[in-house]
Amino acid sequence: MEENQGLEIRFLEFIKKHQLIRKGQRVLLAVSGGMDSMAMVGLFRFASIPFALAHCNFSLRKGDADRDQKLVEKMAKNLNRTIFSVRFDTRQYALQNKCSVQMAARELRYQWLGEVRQKEGFDLIATAHHLDDAMETLLINLGRGTGIGGLKGIRVKNHIIIRPLLFATREDIQDYIRLRRLEYREDLSNQDEKYLRNKIRHQVIPPLKETFPGISQTLFQFFDHMEGTHAVYRFAIEQQKKRCMKARGSEYHISTANLLKLPEPGMFLYEFLKDFGFNASVCSDILQGLDKQAGKLFDSKTHTVLRDRSALIVFPKRDQPATAPRPIDENTTFIDTGMDVFRFGSHSIGKGEKPEWPEDENTALMDMELLRFPLLLRHWKHGDRIRPLGGKGSKKISDLLSDKKVPLHKKRNILVLESDGEIVWVAGLRTNETVKITPGTKRVFFAKKIGRSSGKQ
């Protein structure tokens, strides 16, 4: 009896220490019918915490799955508790989503539990993961390779998901089930060692416990320590991210000077870039090449990193088919290229009237009588030249872009406006001297780059 009550007291202490459940909160218990989840029900009942049961039938073990469901329904009836249940075609879901059956079951389970919680007004969802589960997760993470985050095992709380049994070993739970005489069903798939977790459970952990009899408590303390260590680590990462990484529209610029001042810059770079799909190996390649010529690109599935002169520029990948040349006549007022949006128009200038000059280079004003329509809006190409406004000679557009320090990934998207074979405007950068407004100008043509395209043409 003392052993039995000891587990219940430890349960209360664990919840209090980690502030898992506040007074009055209602908890939805994910109950499979197995030993762990049925013990969780008993502990919640002992603690007088408001709860209901939720059961998923994954249709994977023929009649066993139905018998699991009947047992959970029987417990709910005996305890006079509400039960929510659902049946999934898990194999079909796995086939459609091209994932393993185990991953399919996990996705279906958490999605459904979240929907029930929200619809029925529960505050939290509790799962019956215990200390041995956390030990198995740690070993899997170590075997596959992990950073500091993977050393925490299983999180005690993840937003609205709580794991209130993470203090208890499988043996603790077995003893509690026996002493409380709680009915449960054994999932026979837990014996199938074709699954990695089961192989670790049956072949790796028993020898570990035999060699290190106190390993369960040691790991319990280790996981608690790693939760705190990870919190400190994340705090440091976020502080340095604010210092090194600046958002500029859809891009992020990482100062290489600030990055290289950090201890272990490779680790910080990985933490900055991992959410953009970059792995540690690519981050190492990026870091090693910082002293080399700018312009090299590194790709993940969703983003690209450009090694620029003083920064690493991160920007989203986007299908960027070359914009087809677009004719512009006197009546054209709007063009969406699929990348950028432009407006065009014209107006007369009265005698002695001065035109209003644009405040930025996104707008070009030109003498309409010096243009030959239709104009042509197209991508610039190597060899193109322009006589910049206010200048005496012509200049290669490639040199103009370099002088303006246009990043490599943006150079390829620069458009030009052409009149009778002559470039009269490099969009957003420079107008041609030959079509400038003069005191004799009678009609002004304007071209304005007004923003990025929505992608819908």
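For the reader, a short list of remarks on this structure follows.
- Asp291 modelled with pLDDT under 95, closer than 30 Å to Gly451 by Cβ and either outside any helix (DSSP H, G or I) or open to solvent by 30 Å² or more (accessible area, probe 1.4 Å) (or both): no
- So Gly150, is it open to solvent by 50 Å² or more (accessible area, probe 1.4 Å) and free of Cβ contacts under 8 Å to residues at least 40 places away in the same chain: no
- Flag if Ala47 is within 13 Å of Pro164 (Cβ to Cβ) and hydrophobic (A, V, I, L, M, F, W, C): yes
- One residue stands out among those in region 411-439 that are out of contact with any Ser or Thr (no Cβ under 9 Å at 6 or more places or on another chain) and among the basic types (Lys, Arg): the one that is nearest to Arg372 (Cα to Cα), which is Lys436.
- Taking every residue in region 231-255 that is on the phi > 0 side of the Ramachandran plot and pairing it with any residue that is of a type in the set (D, E, K, R), at least 6 positions away or on another chain, the pairs with Cβ-Cβ distances below 9 Å are Gly249/Arg452.
- When the residues of region 110-165 are filtered to those that are among the hydroxyl-bearing types (Ser, Thr, Tyr) and within 22 Å of Met35 (Cβ to Cβ), the one that is nearest to the chain's Cα centre (by Cα) is Tyr110.
- Test result for Leu306, more than 18 Å from Glu433 (Cα to Cα), touching a Pro at 6+ places or on another chain (Cβ under 7 Å) and part of a strand (DSSP E or B): yes
- Test: residue in region 234-254 that is assigned to a helix (DSSP H, G or I), out of contact with any Phe, Trp or Tyr (no Cβ under 8 Å at 6 or more places or on another chain), among the β-branched types (Val, Ile, Thr) and within 21 Å of Ile148 (Cβ to Cβ): no
- Test: residue in region 193-200 that is charged (D, E, K, R) and buried (at least 17 other Cβ atoms within 10 Å of the Cβ): no
- Sole residue being surrounded by 18 or more Cβ atoms within 10 Å (Cβ to Cβ) and within 30 Å of Val416 (Cα to Cα), chosen from Phe278, Phe272, Phe315: Phe315
- Meets criteria (without any contact (Cβ under 8 Å) to a residue 60 or more places away in the chain and under 30 Å from Ala280 (Cβ atoms)) for Arg178: no
- Residue check, Leu401 open to solvent by less than 30 Å² (accessible area, probe 1.4 Å), within 36 Å of the chain's Cα centre (by Cα) and closer than 26 Å to Thr333 by Cα: no
- For region 34-69, the tally of residues that are within 27 Å of Ser100 (Cα to Cα), among the hydrophobic types (A, V, I, L, M, F, W, C) and under 34 Å from the mean Cα position of the chain (by Cα) stands at 5.
- Entry remark, region 368-415: residues being in a strand (DSSP E or B) and of a type outside the set (A, V, I, L, M) number 6 in total.
The values are calculated or read from the model by the stated rules, or taken from the named source; none is laboratory data. Here the structure is a predicted model, which is why all the values come from computation and not from measurement. Note: ideal-geometry Cβ built from the backbone for every residue, glycine included; neighbour counts use all protein chains shown. When the accessible area is computed, the model is the full protein with side chains, heavy atoms only, and any ligands, DNA or RNA have been set aside. Shrake-Rupley method; radii C 1.70, N 1.55, O 1.52, S 1.80 Å.
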